[in-house]
Amino acid sequence: MSAVGLASLRTSAGRSALAQKALRRPVVFLLSVYVVTRVLVLLAMWVAATWFQTPAGVGHTDPNLADVLGGWDSVWYERIAQRGYPVPLPADPETGELTYSAWAFYPVFPFLVRGLMAVGIPFLGAAVALNLVLGAVCALLVWRCFHFALHASPQPARDRLALAAAALWCLYPATGVLVMPYTEALAGVLIAGSLLLLMQRRYAAVAAVAVVLGFTRAVAPAMACAVLAHLVLRWREDRAAGVAPLSGQRWSAALMLGVLGVTSVAWPVVVGVVSGLPRAFFDVQAAWGQKPASGPFVLWLSWAWDAHGFFGVLVLVALVATYITLILGRHGRWLAVELRVWALAYPLYLLAVVRPITSMWRFLLLDFPIAALVASVAMRTSSGARVVPHWRRRVAVVAVVLVIGLFWFTCTLLTYTPWNATPP
C-alpha cells in the first residue's frame, strides 16, 4: 500500500477513534463544544463592537463587548431586575393609550437575576453568568430529547445523530442571544425539560415546570399541542396493550393539561389585575407592534405580498411547506412524535401571532428540532437508513456555514444603529 493510502487509513482511524470517544463520553463532548461555541460567540460580539457598532448607538465613542452584550431588550430586563414593574402602567399623555413598558416582558428571568444581584453582582455580570450556565443545561437537555427513542422510528445511528444535532444547535446563528440578558436560555431549559419529562411520562413534573414556563415565555399553546399528541398516543398504546388507558396517571395527566391552560393566560391576567385594565397586557404588546387581532398568518402574508407580490407569498408558503415536509418525512421521523409536534406547532404559532420581524431568527432558536433536521440531511443517506461514510466532512461544511451565519447575525442584528434599527 502507498504512503498516501496508509496516511489516509490512519487519518480515518483517528477520526473514528475520536467519534467513538465522543460517543462514550457525550456529556463531556457536548459541554466542550458548548464552551468552544461560547468563545466564538464572544469573539463575534467583540468583532461586532469593534468594527460594526456605531458610536451613535451606544452613546460613547468606543463601543465595547459590554455594549453588545447589554443591548436591545437587555435594557428592559435590567429595569425589571432593579426597579420591578411600573405601576400605574405608562400611557401616552396625549391619547391615553398604554405605551412601551416593562410589562411586555415576563418576570422569571429578571427576578432570578435580581437574586444574584442581591449578593453584589452587577446586572450584566449576573445575567451573563446565569445564561452561560442555563445554556449549557439546555444543550444537554436538547441532546437528551434527540436521544429519546420512544414514539420515534428506529435509527441505529441515533447516538451519533443526537450528539451531532445538539452540537450543531450550539452553532445556530442566533446562539449569541443565549449569552445576553434575554430569556432564551431559561426558556430553552424549561421547554426541552418539559418535553423530556413528557416523553418519560412524568406528568406532575411537567405541570410543575409549566408553571414556571408560563411566567417565562408565551409558548403554552404550542406545548399543549405536544402534550395532547403524547396523550393520544399513550391512550391508543394502552388500549392496544389491553390495559386501562393512562392507568394510575389520569389525575396527573389532567393536572398537566389544566396547568398548561392556566399558565397560557396567567401573565396577561396578572397584568390585567395589577393595572385594573383587563386588556392591559395585549395593549402593551400592541404598542410594541404585536397585533395578533389582525388575524392568524395575515401579517406575514401581507408582508410577503407587499414585498414581492404573488411571488413573495409563493416563496413564503413554499418555505413553510418544505419545513413541514422535512419534519413529517424521513429526516424528522427519527425524532419522537412529541418533538415533531413541537417543531410544527411552535413555528406555526409564531407565524400566527407574531408580526414579521427580524426577531424571528431569535425566536426559532427554541425550535431546536431544526438542528436535528440539519444533522439528518448532512449525515444520512437519501433513504435515511444509515449514516454516510463521509458524514464528518458534510457536518464540518454545515458547521462552517453556521459559524458564518453566527458572525452575520451578531454583526448585523446585535449591533444598534438608531436610524436603521433591526432588532434581534
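Quick notes on this one:
- Computed over the alpha-carbon atoms, segment 11-100 gives an Rg to Rh ratio of 1.27, Rh here being the Kirkwood radius from the mean inverse distance.
- Computed FRET value (nearest 0.05) for A286 with V75, which takes r as the C-beta separation and R₀ as 22 Å: 0.60
- Under the convention that each Lys and Arg Cβ holds +1 and each Asp and Glu Cβ holds -1, the size of the dipole of the chain around its Cα centre is about 2100 debye.
- Look at where the Cα atoms of segment 299-368 and of segment 150-198 average out, and the two centres are 18 Å apart.
- Rg to Rh, two decimals, where segment 117-268 supplies the alpha carbon set and Rh follows Kirkwood: 1.03
- From the C-alpha gyration tensor of segment 213-370, square roots of 5λ in Å: 31, 25, 11
- Put a dot 7 Å past the Cα of Y100, heading toward its Cβ, do the same for A352, and the two dots end up 3.0 nm apart.
- For the chain, the membrane-span-like helix rule (DSSP H, alpha carbon extent of at least 20 Å along the helix axis, mean Kyte-Doolittle at least -1.0) picks out 3-24, 26-47, 123-147, 184-199, 220-240, 250-275, 298-328, 337-353, 391-413; this says nothing about an actual membrane.
- Scattering from the chain was approximated by placing one identical point on each alpha carbon and applying the Debye formula without solvent; log10 I(q)/I(0) at 0.09, 0.11, 0.13 1/Å stands at -0.62, -0.93, -1.29.
- In this structure, D159 and V47 have a Cβ-Cβ separation that, at R0 = 35 Å, corresponds to a calculated FRET efficiency of about 0.50.
- Placing dummy labels 7 Å off each Cα toward the beta-carbon, the span from L124 to V87 is 3.2 nm.
- Radius of gyration and Dmax over the Cα atoms of segment 104-200, both given in Å: 15.5, 51
- Spin-label model distance (nm) - H390 vs H60, 7 Å beyond Cα toward Cβ: 5.1
- Here the relative contact order of segment 195-279, from alpha carbon pairs under 8 Å that lie six or more residues apart, stands at 39 percent.
- The Rg/Rh ratio of segment 289-424, with both radii computed over alpha carbons and Rh defined as the Kirkwood radius, is 1.01.
Every read-out reported here was derived from the displayed coordinates using simple, explicitly stated rules and does not represent laboratory data. These figures come from a predicted structure and were not determined experimentally. Cβ atoms come from the backbone with ideal geometry, glycine included; neighbour counts cover every protein chain shown.
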